[in-house]
Amino acid sequence: MYTQRTLSKETPSETSMAGGCSIRALWILNNHDVVLFSRRFPVVERRWRAACKRENESCADDVVPVLPTDSELASDFADRRRREGSIRGFGIRVAQSVEGSDSWVDDPITRHIISLYVNKEEEGENRLLWPLILHIKSHYCILVLPLVEPRHLKAYARIHKRSDCGNAVGADESVSSLLLDLPSITGAFMVAHAIGDIVTGDIPEPEVVVSASPSVGGLLDSLTGSIGISARAKPVAAPVAASSTSSTALGGAIASDAPKIGSRPLDKDALRTFISSSMPFGTPLDLSYSNISAIKLNGFASSDFPPADRKQPAWKPYLYKGRQRIIFTIHEAVHAAMYDRDEIPDVISISGQVNCRAELEGLPDVSFPVIGLDTARIDVLSFHPCAQVPEQGVDKQAVMFSPPLGNFVLMRYQALCGIGPPIKGFYQLSMVSENEGAFLFKLRLMEGYRSALTMEFCTVTMPFPRRKVVLFDGTPSMGTVSISEHSVEWKIITSGRGITGKSVEATFPGTVRFAPWQTQRLTSHGSVLGSVADEDSDTETEATNNVVNVEEFLMEKMNKDLQPVDLEEPFCWQAYNYAKLSFKIVGASLSGISIDPKSVSIFPAVKAPVEYSTQVVSGEYILWNTLGKCPSAATAKV
């Protein structure tokens, strides 16, 4: 149900899905290319074969009429890893690319939507299997194959064999235009992420925070916080497994709705139960693990029946019973690339979401206006399927929804920062010798921010993943400094000493000394380039006598001024130098979006307090070294 319009209706993993997505098969492999678990859906596969027959009485040579066996898929997946240089692959056409490979397509999306050549020994030929959604979680690789039409597969077969690179303007066929015609891709990604969360025991749940007690604020909050007594907002979650569940108003952290699987080997029984319940016959219906677990534990019988005139939605299999309240939390992450260069503009954006928890009895409707949704600042906007959204107004967006159980994301958005970056400044690092560098930070925090906003903490980290830090010298104007083996950390603001209503300037000049360069050995998966790890831990570190010396190989390429895009991890071989900031701001959103608790209406009317909070955290907030190399993207001037 995703659309390409600015205002769209999303289908998150915790909700029911329309029939636009069907899954032919899925596989889970470990980092040794061994299939640990697989599931095929014969009903969907019959639909695929019928579609092939309609498309052509005898399927084209590049179409796979039959799914591969587990051993065939594992072998083909290993072949692709060797051919593409890593699990994900290059994503762009490089010198090592061969015609018919994913990197030959010259589109980064091929790092996430891959293809395999299935080698059928009895037929003596290779056939194309696409689109395979690749999701890597921990040391597992999850592959999901959604149902598409044979004509889409044939179109991709033509694209990945053409001679020109990239998606040329005006081209008849491109990967992007092809994927836009396939809504099943979105559903397959959600299935892959849900499976990945289950096999690793990492069941995410949107965070909502609630004040444990009334806050006086100001000096009193600072004093009480410094001695361990806090009245500030805290995460909250309460179990909602069955209709008889009651809720208490305890402050602080409470047990999460989602059962915790923990760190353990792959639980095939849990996977089979989840798959058979969440996507029977290959059609995803409800990918909420907490809902599936509650149904498995309690069955479908409920002690409370919904009103006769109301239909119980799929996202609320049980009715809530207990103290009633609604909690809204606006959670925003600030992403920035700060260059401090005239020729490269700084880039800053905000990804946000409105998290909600509605502990309401029965099946009520909740409505309220979201303040600040003017199109000048909001780029992308989507809502949970439980929400009904009329036409967008000038500055307010009326939202009505029938809330599901537990914590959920009511709204997601991408926005521009209406106030300006919370941290401005520059970072400079210059190597004065082979093993010593001089650096300088000059930062200004919360410049132009009003008194309602508080920065609770702020930390700057200088990572040196390929060098061992042995000594640093320097004194910052404020805060404390600590070092680890591969980084220097500067805590400008520590927890309990936040700044409110003022701008602060912080400087930090110093030097850092590294241990003499020593080469390390990495295990190699195929080619030397293939042994360079990608961001999903594609390699293992191991000191053996039979492996390729990757460090010497990388250093040789660096000395030849090879462009870093030819390597898998440019940040880890000193092509670039950067510092990363982490911080948290409370008091208001930076996008300008807000909710007035007094304007929240519940029908049928019920007395339920409405609690509202905001928190802003750093996402990828990067300060690029002004004196070094840095990546940037050219933007069109309007």
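The values are calculated or read from the model by the stated rules, or taken from the named source; none is laboratory data. Small disclaimer: the values here were computed from a predicted structure and weren't measured. All Cβ positions, even for glycine, are placed from backbone atoms using ideal geometry, and neighbour counts span all protein chains on display. Only protein heavy atoms, including side chains, enter the accessible area calculation; ligands, DNA and RNA are left aside. Shrake-Rupley method; radii C 1.70, N 1.55, O 1.52, S 1.80 Å.
Keeping every protein chain in place, order 342, 197, 309 by accessible area at 1.4 Å, biggest value first, i.e. largest first. Please list the in-between numbers first.
Details: 342 165, 197 30, 309 130 Å².
These residues rank, largest area first, as 342, 309, 197.
Apply 1/(1 + (r/R0)^6) to the Cβ-Cβ distance of residue 164 and residue 582, taking R0 = 56 Å, and write down the FRET efficiency to the nearest 0.05. All intermediate terms of the calculation are to be shown ahead of the outcome.
Values: r = 43 Å, r/R0 = 0.76.
It comes to 0.85.
How much net charge surrounds residue 477 when only other residues with a Cβ under 10 Å from its Cβ are counted (Lys, Arg +1; Asp, Glu -1)? Show your work: numbers first, answer last.
Values: positive: 442; negative: 505.
Here the count lands on 0.
First select every other residue whose beta carbon is under 9 angstrom from the beta carbon of residue 328; then total the charges, Lys and Arg +1, Asp and Glu -1.
Values: positive: 357; negative: 611.
Spelling it out: positives minus negatives among the neighbours equals 0.
How much length would be gained if the chain were fully extended between residue 181 and residue 71, taking 0.36 nm per residue of separation minus their Cα-Cα distance, in nm to one decimal? Numbers along the way, then the final one.
On the way: separation 110, 0.36 × 110 = 39.60 nm, distance 3.17 nm.
Between residue 181 and residue 71, full extension yields 36.4 nm more.
What percent do you get for the relative contact order of the range 23-200 when only Cα pairs under 8 Å and 6+ apart count? Write down the numbers at each step before the final one.
On the way: 284 pairs, mean separation 41.5, N = 178.
About 23 percent, as a whole number.
Dipole magnitude of the range 23-200 about its Cα centre, charges +1 at Lys/Arg Cβ and -1 at Asp/Glu Cβ only, in debye to the nearest 20?
Charge dipole, the range 23-200, about its Cα centre: 400 debye, nearest 20.
May I ask you to give the solvent-accessible area per residue for the range 23-200, in square angstrom, as obtained with a 1.4 angstrom probe?
Values: 7130 Å² over 178 residues.
The answer is 40 Å² per residue.
Take the Cβ-Cβ distance between residue 483 and residue 388 as r, set R0 to 60 Å, and report the resulting FRET efficiency rounded to the nearest 0.05. Provide the component values of the computation, followed by the final result.
Values: r = 54 Å, r/R0 = 0.90.
Computed FRET efficiency for residue 483 and residue 388 comes out at 0.65.
What accessible area, in Å² to the nearest ten, does a 1.4 Å probe give for residue 503?
50 Å²
What whole-number value in Å² describes the accessible area per residue of the range 362-487 for a 1.4 Å probe? All intermediate terms of the calculation are to be shown ahead of the outcome.
Working: 5280 Å² over 126 residues.
That works out to 42 Å² per residue.
Please list 3J(HN,Hα) in residue order for the range 505-512, calculated via the Karplus relation 6.51 cos²θ - 1.76 cosθ + 1.60 where θ = phi - 60°; whole Hz, with x for glycine and proline.
Residue by residue, the range 505-512 yields 9, 10, 10, 8, x, x, 10, 10 Hz.
Considering only the other residues whose Cβ falls under 11 Å of the Cβ of residue 99, what net charge follows from Lys and Arg at +1 and Asp and Glu at -1? Intermediate values should be presented prior to the final figure.
Values: positive: 93, 161, 162; negative: none.
Value of the local net charge: +3.
Over the range 23-200, with every protein chain in place, what whole percent of the accessible area is carbon and sulfur at 1.4 Å, could you tell me?
Details: 3620 of 7130 Å².
It is 51 percent, rounded to a whole number.
Kindly report, to the nearest 10 Å², the accessible surface of residue 315 as traced by a 1.4 Å probe over protein heavy atoms only.
So the heavy atoms of residue 315 present about 40 Å² to solvent.
So who's got an amide H within less than 5 Å of the one on residue 585, skipping anything under 5 residues away but keeping other chains? H placed 1.01 Å off N, in plane.
Residues meeting the amide H criterion: 456, 616, 617.
What figure in square angstrom, to the nearest 10, would you give for the accessible area of residue 115 with a 1.4 Å probe?
For residue 115, solvent-accessible area is about 0 Å².
Can you list the residues, at least 5 places off or on another chain, whose amide H is less than 5 Å from the amide H of residue 612, using H built in the peptide plane?
The answer is 328.
Which distance in nm do the two modelled labels at residue 513 and residue 471 give, with both placed 7 Å along the Cα-to-Cβ direction?
The answer from the label model is 0.2 nm.
Any idea what the alpha-carbon Rg over 2.2 N^0.38 Å comes to for the range 23-200?
Values: Rg = 15.5 Å, N = 178, 2.2 N^0.38 = 15.8 Å.
Normalised Cα radius of gyration, the range 23-200: 0.98.
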